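Okay, structure first, notes after.
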Ligand SMILES: Nc1ncnc2c1ncn2[C@@H]1O[C@H](COP(=O)(O)OP(=O)(O)O)[C@@H](O)[C@H]1O
Ligand SMILES: [Mg+2]
């Protein structure tokens, strides 16, 4: 489970009002002055009415240093497009991408190549391995493009091979590996250049559920070691829950809600989000701090629990006693968790309990 | 029955027009034959242009010719000077590297055969032409493919040009090249390059286009520059398809090198075959023909094995070792050949020459079975070929069929055919009824007996049914071009010969294919025969038929059938075996008997694929038709061939273009039909 502290590091990558429109004349809808708009949804509808495809509509979010930022949404909601805009594999129609405060869209081709060679790594859903290179050459391929010598390439590749647990398969070709192993190669290749920002576009979606779980653990292990700034795409809400520090949910090219997974579960912005969060086993996700209320009344004889104790472990106490006392990691009392607090936290996330709750939406 | 109302009326109208045309053509000459005076002087114009070019640019082309002559002569000299033992060692090693021991042994056998029957020198001459033309074709094809890949506009020019280059008969190429470059090996080289680069272009385009987008993106994310992305990501990822292009280009090059020897003076294998055929030394030509076939097989297996092997590149150390073995072995064998001269020059005395024996056996065979051979020939001629050509009205006479056509016969025929048409439109569909009527008309009056406007009308209507107005206009314009350039009579003869061959090849081939689809043993027997026929240069297929049946229409017919039957068999089997398993299971569950399963489930479903087979059958038939001009076919192909021997560039090009037009029309019609059918069955585009 993720750590509880909410303080975020400095912003590494920032996506500001990014639009991507496909069609015969995408630029027509964006004059230099009209980029900012009050009502993106209406604007997107207008563009669609003119026979264009709006893959991304006014997408904005920040990715902080060392953070795993997950983008989730149904297929076709524009996830792949936005992550490709971030790396300029796709040229945004409007908006700005700031990497360490500099606008990526203003970079020349040569500068962009430099940035990709040293600052960015990307992992693809169907791996994107070079069929003609064996494992070690695939992993060392970005280094080769940079013009590094063979010995250094091999040495650096060997390091990441160990990191992803592929030792012994160096001489195999991609078609001799299982899906999971191929994706390990993809991960190793994207890490070989030691990037700061790491993009993963549905990296585990092509894998079997068991392997997927295993790869998620590996991924978290690697991230614990390397602490990259990550944009991770998935259409699987469970996966997002497991790994996200913060997440954005997309629909029809636009971001519907951004927040910590728990925020989305407890306060879904609308029915679309609620449809994802509904089936989540809340008792294993919620922690004491999430249902905590300010301390009030007598706290005599109540059990003291840590702030990150799962709610499931509190249930007996919540049922019999008035509640439990929640302590911070340093032992200070933060507040109380009670049955009432639990019910209050859960209520907004429950569609049945909140019939009028189609929220702000459209 | 809405269809019956409009389209059927249209068709009945067309048949009526045809009949009226037939009866009027006795009085209106222009209906029977397009008037001389109306023929556009396109051929003369082309001749003038070519004369002008030759007059003013001869120096340029002669210079190029001289320049190109150098590498050919160089390679020829190297291959000739190399002791056969060294060359043979290297061939076998290449085969081993490509695929392993079995191919190496096969190569050893093939080259030993070439040596022993004394065709080594001719073989080396052929090989040296191939050795220059293949790399050139690959370079040119790759460059053009990359150009088309880079620019959609370029692609729109390239693709139709390739279509024409691949359908214009090969002899028609030779002609302008001959005019420009003069006699010599260079003509063979250039026409071989021209003929073999199109497959490379197609494969390059397909290969470069079909690299997975994520592979490209991962290259970009690795920070590849434009050039790195192309050479280090896209090209190597397309490797397999590119190697397939190399394989096809090599085969095309070999077959064109062989064909180009008709212009003579090359002392290569093709020339050996041709000159021996002309001298009626069939034993010799069969022996050399076998060399060509073996060479084609070896080259095909080696290059396609390299293509398949490119998926799993071997260890570099392994490859380095092979080069080392090649170098060391070659030096060793060369040393040995210095000591033992027999390894250098195979003595003429040791030659194995069964040709005289074979010739004797053949002539005794022919004398023994003369009556039977003649019987087959005349039967085919009287009962199949003549009716198609001049119709029952001309073919039936006391001399041929044993009786003359009386009005009673005619009446019976007409009534019978109309009854058949009515019956089949009731049982099947009106379309079948119409088809029966048209067939009856054609068989009665013969292809040459129909006025040209009627024939064009019928073909254009068929095109309309398949591809609507655009295809109908395209078809009509193409055919009219043939008419106004004065090539219609020859074109009808080509259609007649090729048409009969295609009908027979398709029916027979599909039947065999269906049989092979039901029976694994048949399939195992048929497959290698097909493979062999397919890799065999067209030339060689002629030999056995000329041997037995001499020169003439019938020989051409048999040769065309032999070559065109291959795709019919393949697609027939493939169509049945490739059906979705669920459909078969569903039919079985309903309780279909094996016979019902075949006729009511499998064949209707496999029909679109079989139609693609028909498409390939027609194109193969036309390809062979062109070569069959050598053994006495009389249509456009003969016009081209005569123009080639006369040096009449304009005539040759126009007639060649006419063949290309017919081929393209047939191709568009059959593939369009197959697409329609497939869409109707919900299989989606292939
Ligand atoms: N090159 C393109 N041309 C036209 N439409 C595109 C293109 N790429 C993506 N789209 C459209 O943009 C939308 C978002 O696609 P994508 O970002 O791939 O979605 P996701 O990754 O969430 O499944 C889809 O409707 C897709 O059809
Ligand atoms: Mg996607």
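Here are some notes:
- Of every Cα-Cα pair in segment B:314-404, the percent that sits beyond 14 Å: 81
- With R₀ fixed at 56 Å, the C-beta to C-beta distance from residue B:45 to residue A:118 puts the FRET efficiency at about 0.30.
- Pairwise FRET efficiency - residue B:116 versus residue B:507, Cβ, R0 = 35 Å, nearest 0.05: 0.25
- Rough spin-label spacing in nm, given labels placed 7 Å along Cα→Cβ, for residue A:155 and residue B:139: 4.2
- Neighbouring Cβ atoms from other chains, within 10 Å of the Cβ of residues in A:132-144, number 3 on average.
- Normalised by 2.2 N^0.38 Å, where N is the number of residues, the C-alpha radius of gyration of segment A:89-176 stands at 1.31.
- Taking every residue in B:111-120 and counting other chain Cβ atoms within 10 Å of its Cβ, the average works out to 0.
- Solvent-free Debye scattering, log10 I(q)/I(0), computed from the Cα coordinates of chain B at q = 0.09, 0.11 Å⁻¹: -0.92, -1.35
- Cα-based Kirkwood hydrodynamic radius, segment B:485-686, one decimal, Å: 18.2
- Residue B:484/residue B:267 FRET efficiency (R0 41 Å; Cβ-Cβ; nearest 0.05): 0.45
- Label positions at residue B:401 and residue B:582, each projected 7 Å from the Cα along the C-beta direction, are separated by 5.3 nm.
- Peptides A:288-294, B:133-139 ranked from most to least packed, by the mean per-residue count of other Cβ atoms within 10 Å: B:133-139, A:288-294.
- Cα extents of segment A:128-268 along the three principal axes, largest first (Å): 53, 29, 29
- Kirkwood hydrodynamic radius (C-alpha pairs) into Stokes-Einstein, segment B:342-486, 4 °C and 1.567 mPa s, D in µm²/s: 65
- If you take the Cα centroid of segment B:554-569 and the Cα centroid of segment B:24-58, the two points sit 33 Å apart.
- Here, segment B:541-593 yields an orientationally averaged convex hull projection of 5.3 nm² when only Cα atoms define the hull.
- Rounded to the nearest 500, the helix-only mean residue ellipticity at 222 nm of the protein assembly as shown stands at -21000 deg cm²/dmol, with each DSSP H run of n ≥ 4 adding -39,500 (n - 2.57).
- Highest to lowest packing among B:571-578, B:597-604, A:23-30, scored as the average C-beta count within 10 Å: B:571-578, B:597-604, A:23-30
- Packing rank of B:605-617, B:453-465, A:105-117, where each peptide gets the mean count of other beta carbons within 10 Å, highest leading: B:605-617, B:453-465, A:105-117
- Per-residue mean of C-beta atoms belonging to partner chains within 10 Å, peptide A:108-118: 2
- Chain B: angle of helix B:239-260 to the longest principal axis, Cα-based, in degrees nearest 10: 80
- Nearest 10 degrees, 0 to 90: helix A:179-192 Cα axis against chain A principal axis: 80
- The DSSP beta bridges internal to segment A:284-346 are antiparallel in roughly 70% of cases.
- Taking 0.36 nm per residue of sequence separation and removing the Cα-Cα distance, the residue B:153/residue B:597 pair yields an extension gain of 155.0 nm.
- Under Stokes-Einstein, with the Kirkwood radius over Cα pairs as Rh, the value for segment A:284-346 at 10 °C and 1.306 mPa s is 142 µm²/s.
- Between helix B:84-98 and chain B there is an angle of about 70 degrees, using the helix long axis and the longest principal axis of the Cα atoms.
- Here the ratio of the Cα radius of gyration of the protein assembly as shown to 2.2 N^0.38 Å is 1.22.
- Length, then width, then depth: along the principal axes, the Cα atoms of segment B:227-357 run 59, 40, 24 Å.
- Estimated inter-spin distance, residue B:33 and residue B:331, nm [label 7 Å along Cα→Cβ]: 7.3
- Restricted to Cα atoms, chain A shows a radius of gyration and a Dmax of 23.0, 71 angstrom.
- Computed lengthening from residue A:106 to residue A:169, 0.36 nm per intervening residue step minus Cα-Cα distance: 18.6 nm
Quick note: the coordinates plus some simple rules give every number you see, no bench work behind them. No experiment lies behind these values; they were computed from the predicted model shown. Glycine also receives a Cβ, built like all others from the backbone with ideal geometry; neighbour counts cover every protein chain displayed.
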